[in-house]
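> Here it is, the structure in full.
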Amino acid sequence: MSAMTARLRRLSPPHARRIALAAQGFADPPPKGAANASHFRRVLRRVGLLQIDSVNALVRSHYLPVFSRLGPYDRQRLDDYAYSDRKLFEYWGHAASLIPVEQYPLFRHRMVGSEWVHRMRDIAAEHSRYVNGVLDEVRQRGPLTVSDLDDPRRRRGTWWSWGMGKFALEWHFARGAVTIAGRRGFTRLYDVPERVIPRQHFEADAPEEDEALRRLLLLSAQSHGIGTAHDLADYYRLPITRSRVVLDELAASGALDRLEVAGWKDPAYLNPGARHPHRIDARALLSPFDSLIWDRDRTERLFGFRYRIEIYVPQKDRVYGYYVLPFLLGDELVARVDLKSDRKAGRLLVCASHSEPDQDRDHVAAELAPQLESMARWLGLDGVAVERRGDLAPALSRLFG
């Protein structure tokens, strides 16, 4: 147990919150100039992975956590860092994710034995001749999209309403026989991993499943700073029962510190190397898929902020909006804004804006407005337009005329 933890067997919620924010990169200084590979590396060292999502109402979600931590940056540079420089690879991490490529061996066990692989196996076996032929085609002609296949078989739905071509490529992707070489727009380009994953990582020995689980839990603890067993297991979607056993072993060995956080029902595990800042002075708009808040229960424990994604809720039943970003001010989540890129009009559209209870709305609006302006410029939009929906809208509207 670390000396600090020996003095702090029970943490206050604000203390735990600051630890979590520092672990996620919100205590780091912003770049003095244009963000570059070293800044991307720092962000990925903090967050561990970037979740990918197809919704494009604002911007593709994996770009947003980097913006939240670095400010405006060249998105093409991040694409190059991931796909041209081969610093990241795509696989199932928390969900579909961009992950530092040096962690590729930690996911080999998942490519063999994950539930996803098992669920697809029977369909793959039933159509083995076609499925194996798709892999041969990728070997010979890759990288390929589904549309590039000689016979994409679009009309025959098999899985998630996929055609057989899409299914075959995703089956090979899930089991590690192909990987993602890049994107054409947002469409995946599939290729064999030996042409994509740098040799030292592709040929590295894959740890046994128990060791991979241990190492992934340590990475999760690094990105959390502090969290419960459920928090740490969910980060990489690890089995909770086995994770509890491993976490207790890590605590017994001193690799993690076990303690309590006031108001939390379950014990917490603290990364001994976590920072304990006395103050967090952050201002950031957070993607619905940002790793700080993707565990909704943890978000409520840390911030007293109840957050749900309403993308799939019928419009008439939505409370806050379609693509709602929480606003982090200092160490609190103080508001939420439903944002859309109105590309035709060249405006960042604030479809709705709501403050949290007991917040000074004029103060929140004054802090939020520069972040909206910065985001609009980053997205190549000419300005911000505020619709009068939500209790924060009047104060925000006054700042944008």
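> Whole-Hz Karplus ³J(HN,Hα) for the range 185-201, in order, using 6.51 cos²θ - 1.76 cosθ + 1.60 and θ = phi - 60°, x for Gly and Pro?
Taking θ as phi minus 60°, the curve returns x, 10, 7, 5, 9, 9, 8, 6, x, 5, 9, 10, 6, x, 3, 5, 8 Hz for the range 185-201.
> May I pose another question? Which of rounded, prolate, oblate describes the range 201-258, given a ≥ b ≥ c as roots of the alpha-carbon gyration tensor eigenvalues and a/c under 1.5 marking rounded, otherwise prolate only if a/b is larger than b/c? Intermediate values should be presented prior to the final figure.
Numbers: a/c = 1.70, a/b = 1.59, b/c = 1.07.
Prolate, because a/c is 1.5 or more and a/b exceeds b/c.
> If you count only protein heavy atoms with a 1.4 Å probe, what accessible area per residue comes out for the chain, rounded to a whole Å²? Each step should come with its number before you reach the end.
Values: 18270 Å² over 401 residues.
For the chain, the solvent-accessible area averages 46 Å² per residue.
> In addition: Based on DSSP H runs of at least 4 residues, each adding -39500 (n - 2.57), what is the mean residue ellipticity at 222 nm of the chain after dividing by all its residues, to the nearest 500 deg cm²/dmol? Spell out each step's value before the answer.
Details: 16 runs with 157 residues, N = 401.
So the helix-based figure for the chain works out to -11500 deg cm²/dmol.
> Right, here's the next one. Mind checking which lysines have their Cα closer than 24 Å to the Cα of residue 316? Skip sequence neighbours fewer than 8 apart in that chain.
In chain and number order, the partners are 340.
> Using a Debye calculation, one point per C-alpha and no hydration shell, please list log10 I(q)/I(0) for the range 156-230 at q = 0.11, 0.14, 0.20 Å⁻¹ in order.
The calculated log intensity ratios at q = 0.11, 0.14, 0.20 Å⁻¹ are -0.47, -0.72, -0.98.
> If amide hydrogens are placed 1.01 Å from N in the peptide plane, which non-local residues have theirs closer than 5 Å to the one on residue 391?
For residue 391, whose amide H was placed from the backbone, the distant partners under 5 Å are 355.
> Taking the mean number of other Cβ atoms within 10 Å as a proxy for protection, how do you rank 318-331, 207-220, 240-253 from highest to lowest?
On the way: 318-331: 20.7, 207-220: 18.1, 240-253: 15.4.
Put in order of decreasing packing, that is 318-331, 207-220, 240-253.
> Let me ask something else. Can you check what the net charge comes to around residue 24, using other residues whose Cβ is under 10 Å from the Cβ of residue 24 (Lys, Arg +1; Asp, Glu -1)? Kindly include the intermediate steps, with their values, before the conclusion.
Details: positive: 46, 69; negative: 28, 290.
Every neighbour counted, the sum reads 0.
> Stretched out fully, how many nm does the piece from residue 297 to residue 255 gain, at 0.36 nm a residue minus the Cα gap? Don't skip to the end; give the middle numbers.
On the way: separation 42, 0.36 × 42 = 15.12 nm, distance 2.52 nm.
The span from residue 297 to residue 255 would gain 12.6 nm if fully extended.
> Which ³J(HN,Hα) values in Hz, rounded to whole numbers, follow from the phi angles of the range 258-273 under the Karplus curve 6.51 cos²θ - 1.76 cosθ + 1.60, where θ = phi - 60° and Gly and Pro get x?
9, 8, 10, 10, 4, x, 8, 6, 9, x, 10, 10, 10, 5, x, x
> While we're on this one: Rg to Rh ratio, the range 213-290, alpha-carbon atoms and Kirkwood radius?
That ratio is 0.99, to two decimals.
> In addition: Please compute, for the alpha-carbon atoms of the chain, the extent along each of the three principal axes and give them in descending order in Å.
Taking max minus min along each principal axis of the Cα atoms, the chain gives 64, 58, 43 Å.
> So for the range 138-292, what percent of the C-alpha to C-alpha distances run longer than 24 Å?
On the way: 6599 of 11935 pairs.
Roughly 55 percent, rounded to a whole number.
> I'd like to know how the range 228-377 sits against the 2.2 N^0.38 Å rule of thumb: what's its Cα Rg over that expected value? Working shown, then result.
Working: Rg = 18.3 Å, N = 150, 2.2 N^0.38 = 14.8 Å.
Taking the Cα Rg and dividing by 2.2 N^0.38 Å, one obtains 1.24.
> I would also like to ask the following. Work through the residues other than residue 273 whose Cβ is under 14 Å from its Cβ and net out their charges, Lys, Arg +1 and Asp, Glu -1. Write down the numbers at each step before the final one.
Values: positive: 45, 46, 275; negative: 257.
So the surrounding residues net to +2.
> Ok, one more. Efficiency by 1/(1 + (r/R0)^6): what FRET value for residue 363 and residue 139, r their Cβ-Cβ distance, R0 = 45 Å, to the nearest 0.05?
Once the sixth-power term is evaluated, E becomes 0.15.
> Taking 30 Å as R0, compute the FRET efficiency from the Cβ-Cβ separation of residue 129 and residue 204 and round it to 0.05.
0.35
> Given 20 °C and 1.002 mPa s, how large is the Stokes-Einstein diffusion coefficient of the range 104-144 in µm²/s, with Rh as the Kirkwood radius over Cα pairs? Display every interim value, and only then the final one.
Working: Rh = 11.7 Å.
This corresponds to a translational diffusion coefficient of 183 µm²/s.
> Could you derive backbone 3J(HN,Hα) for the range 58-73 from the dihedral phi with the Karplus parameters 6.51, -1.76 and 1.60 (θ = phi - 60°), listing whole Hz in sequence and x where the residue is Gly or Pro?
10, 6, 4, 5, 5, 6, 5, x, 5, 4, 4, 9, 10, x, x, 8
> While we're here: The range 65-159: which trypsin sites (Lys or Arg not before Pro) are DSSP loop and have at most 12 other beta-carbon atoms within 10 angstrom?
Values: sites: 69, 75, 77, 86, 87, 108, 110, 119, 121, 129, 139, 141, 153, 154, 155, 156; in loops: 86, 87, 153, 154, 155, 156.
Qualifying residues, ordered by number: 155, 156.
> Moving on to the next point. Let's test this: bin the Cα-Cα distances of the range 45-180 at 10 Å from zero up to the farthest pair and state each bin's percent.
11, 36, 35, 16, 2
> Local charge sum around residue 140 (other residues, Cβ-Cβ under 15 Å, Lys/Arg +1, Asp/Glu -1)? Write down the numbers at each step before the final one.
Working: positive: 139, 141, 195; negative: 136, 137, 148, 150, 151, 191, 194.
It works out to a net charge of -4.
The values are calculated or read from the model by the stated rules, or taken from the named source; none is laboratory data. Just so it is clear, the model here is predicted, and its values are computed rather than measured. For neighbour counting, all protein chains shown are included, and Cβ atoms are generated from backbone atoms with ideal geometry for every residue, glycine included. Surface areas here come from the heavy atoms of the whole protein model, side chains and all, with no ligands, DNA or RNA. Shrake-Rupley method; radii C 1.70, N 1.55, O 1.52, S 1.80 Å.
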